[in-house]
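Below: one structure, written as structure tokens.
Bear in mind that the values in this text are calculations on the coordinates, not laboratory data. Owing to the predicted nature of the structure, the values given are computational and were not obtained by experimental measurement. Note that each Cβ is placed from the backbone with ideal geometry, even for glycine, and that neighbours are counted across all protein chains shown.
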Amino acid sequence: MTPEATTQGGGQAAAGPASSDATNTSKAHPRPRSLPPVLSKAPPAAMVIFGASGDLTARKILPALARLADRGVLDDGFTVIGVARTAWTDEEFRAHVAEATPEGGSKWKALTARFKYITGEYNHPETFSTLKAHLDESDRLDGTAGNRLYYLATIPSVFGLVAEALAEHACTRPAEGGTFARVVVEKPYGRDLDSAIALDEQMHAAFDEGQIYRIDHYMGKETVQNVLALRFANAIFEPIWNRRYISQVQVTVAESLGVEHRGGFYETAGALRDIVQNHVMQVLALTLMESPTSTEADRVRDEKVKLLHAVDIPTPDEAVDKSVRGQYTEGFIDGEKVIGYRQEQDVSPDSQTETYLALRLRVENWRWAGVPIFVRTGKRLPARVTEVALTFRSVPFLLFDHRTSRDLRPNTLVLRIQPDEGISLEFGAKVPGEKFHVRSVAMDFSYAEAFAGMESADGYERLIHDAMVGDATLFIRSDEVQQAWRIVDPYLKAWSEPGGGMHFYPAGTWGPHMADLLVERSGDEWRNPVIDLELSGGRLTELPQ
Ligand code: BG6
């Protein structure tokens with residue numbers, strides 16, 4: 001990470017102990033002494049968004065830029081050139097920008113007045129010669145100083161094409177010393193190992209690896225980054241962060257939403273490509289990797305890739321045995337009836353695409369050998385929850401009568417990535433009363449409470465900022481992407497064979513029954529994250545059984 005990326009907010013008064021806030025400051029949750037860390041100022045640049053009329057641009061990229069502008073992060077020499085096939089004029093694009101960013105303040109509005117738009121096909125040279133002319137003009141008129149940030153927010157099949165065309169039109173090499181040309185590439189990066197390697201070849205023909213910023217918005221989440229802080233800023237966890245003390249790890253990425261209007265895209269993806277190959281692998285790597293020697297981008301990424309190399313790659317038979325895939329049928333979410341996946345718009349009535357997936361992975365190294373790593377993700381599950389739960393081994397000998405300690409569960413450390421971001425530790429406590437009843441309770445750290453009043457940048461805001469300042473720490477390197485595909489490819493191959501199997505689950509349930517058996521075979525069970533979410537609130541809380 002660059003030092004600027006973590007700079008504290010400039011010059012604003014701190015809520016010190018003498019302030020009126022001090023009376024509310026509890027010992028358990030000391031109030032922060034300074035205002036939110038701000039992102040450092042970005043250099044001038046022309047940002048070219050390919051896919052500028054698309055969903056991602058409107059929902060994520062433009063709102064993130066608007067917030068960056070209003071925080072004062074964007075330079076006066078910043079502009080956007082949108083490129084897409086939709087036939088729009090500059091004015092129509094600006095109207096679209098205004099509609100997508102209703103919250104945008106005066107700084108943002110001032111910048112947007114000069115945004116430009118190019119209607120063009122990605123395989124037509126004119127699109128790129130017009131772009132080159134626009135970029136040169138921006139340098140002269142808008143002060144963009146020769147810096148370019150390309151953002152590939154198109155359909156993935158044109159990523160390579162766009163990179164090649166940019167190179168052919170002399171847009172990929174920095175014009176002179178000190179200027180930069182970087183490209184942010186959205187996911188999915190390939191649809192299997194071979195296509196990811198082919199895409200890398202196309203990208204590397206146009207850009208050096210150091211210019212390529214493969215984005216995974218999970219890495220922009222504060223709570224994902226906090227895994228590093230938890231592990232490497234505290235002395236108490238690391239000595240027990242291994243197979244001697246941890247008996248299993250569960251990663252859950254659950255969503256209550258269905259595929260919404262993205263049925264067409266989802267049909268080509270499925271849960272493995274959409275969530276596991278990228279988001280889950282990244283979270284797992286940060287949770288299980290060794291300590292990097294510094295927070296420099298390549299030192300962190302070296303450790304992540306080493307961890308991914310230790311994840312077992314199953315044979316096709318093993319892949320079938322170690323995975324359960326499912327698809328939601330109609331059911332109820334929050335009491336509302338919802339349709340099944342096969343009835344969704346743009347979804348085939350006999351679709352074989354998985355909307356749920358459970359996997360049992362192994363990490364074959366000295367730290368994790370023998371510890372089952374369970375992963376599950378799904379759409380239309382009962383709640384939106386992303387968490388990593390590390391369960392510790394039981395005590396070697398239980399002093400207490402099993403009848404009075406049957407509500408005692410093994411210690412579990414839960415890293416709650418969303419919602420209700422925080423960390424909780426479940427441990428046994430004596431129930432008040434004469435007998436020695438022992439049961440599990442949870443000690444909770446809540447981000448919102450501990451850092452009340454500190455507004456953090458949202459994932460896209462942080463990541464776009466980092467690409468602008470040239471900090472690649474949170475972006476995915478080529479070798480990481482390829483190794484993640486190597487891990488998941490056998491599942492894709494196994495499922496394409498007859499007998500690959502699909503298990504159905506009603507919307508609003510925790511997935512197919514077969515997924516329970518996958519965990520039960522190891523003598524374990526899935527956690528129910530909702531129970532903990534409802535009951536933990538920064539207090540010691542009894543957990544219902
Ligand atoms: C995206 C997937 O990468 O992540 C979506 O394409 C999914 O299908 C989304 O809904 C989940 O992100 P988050 O931040 O809501 O957990």
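A few remarks follow.
- What the Cβ-Cβ distance of Glu449 and Arg85 gives, at R0 = 35 Å and to the nearest 0.05, is a FRET efficiency of 0.15.
- Couplings 3J(HN,Hα) for region 400-417, derived from phi with the Karplus relation 6.51 cos²θ - 1.76 cosθ + 1.60 (θ = phi - 60°), are 8, 4, 5, 6, 9, 10, 6, 8, 8, 10, x, 4, 9, 9, 10, 9, 8, 7 Hz, where x marks Gly and Pro.
- Amide H contacts under 5 Å for Tyr150: Val48, Arg182, Val183, Val184, restricted to partners 5 or more places along the chain or on a different chain, H placed in the peptide plane at 1.01 Å from N.
- Convex hull of Cα atoms in region 317-378, direction-averaged projection (nm²): 6.3
- Over 31 Å between alpha carbons, listed pairs Lys60/Lys132; Lys41/Lys221; Lys116/Lys304; Lys221/Lys306; Lys379/Lys493; Lys60/Lys379: Lys116/Lys304
- DSSP beta bridges in the chain [antiparallel fraction, %, rounded to 5]: 55
- Extreme residue, positive dipole direction of the chain, given options Val338, Met443, Leu230 (C-beta unit charges): Met443
- The mean sequence separation of alpha-carbon pairs under 8 Å and at least six residues apart, normalised by the residue count of the chain, gives a relative contact order of 16 percent.
- Annotation note: GluC sites (Glu not before Pro) in region 374-451 located in DSSP loop regions with a Cβ neighbour count of at most 16 within 10 Å are Glu434.
- Scaled against the 2.2 N^0.38 Å expected of a compact globular protein of N residues, the Cα radius of gyration of the chain reads 1.02.
- One chain, two ends: Arg114 and Arg521. Fully extended at 0.36 nm per residue, the span grows by 140.4 nm beyond their Cα-Cα distance.
- Qualifying GluC sites (Glu not before Pro) for region 60-156 [loop in DSSP, other Cβ within 10 Å: at most 15]: Glu103, Glu121
- Cβ-based charge dipole, region 194-307, positive-most Cα from His204, Leu284, Gln248: Gln248
- GluC sites (Glu not before Pro) lying in DSSP loop within region 298-332, provided at most 16 other Cβ fall within 10 Å: Glu330
- Residue-averaged [θ]222 nm for the chain, counting only DSSP H segments that reach four residues, each worth -39500 (n - 2.57): -8500 deg cm²/dmol
- Measuring r between the beta carbons of Gln418 and Ala133 and using R0 = 41 Å, the FRET efficiency lands at 0.40.
- Here region 219-541 is assigned +1 on the Cβ of each Lys and Arg and -1 on the Cβ of each Asp and Glu. Its dipole about the Cα centre then comes out at about 1020 debye.
- Residues whose amide H comes within less than 5 Å of that of Thr412, counting only those at least five positions distant or on another chain, are Phe392, Glu426 (H built at 1.01 Å from N in the peptide plane).
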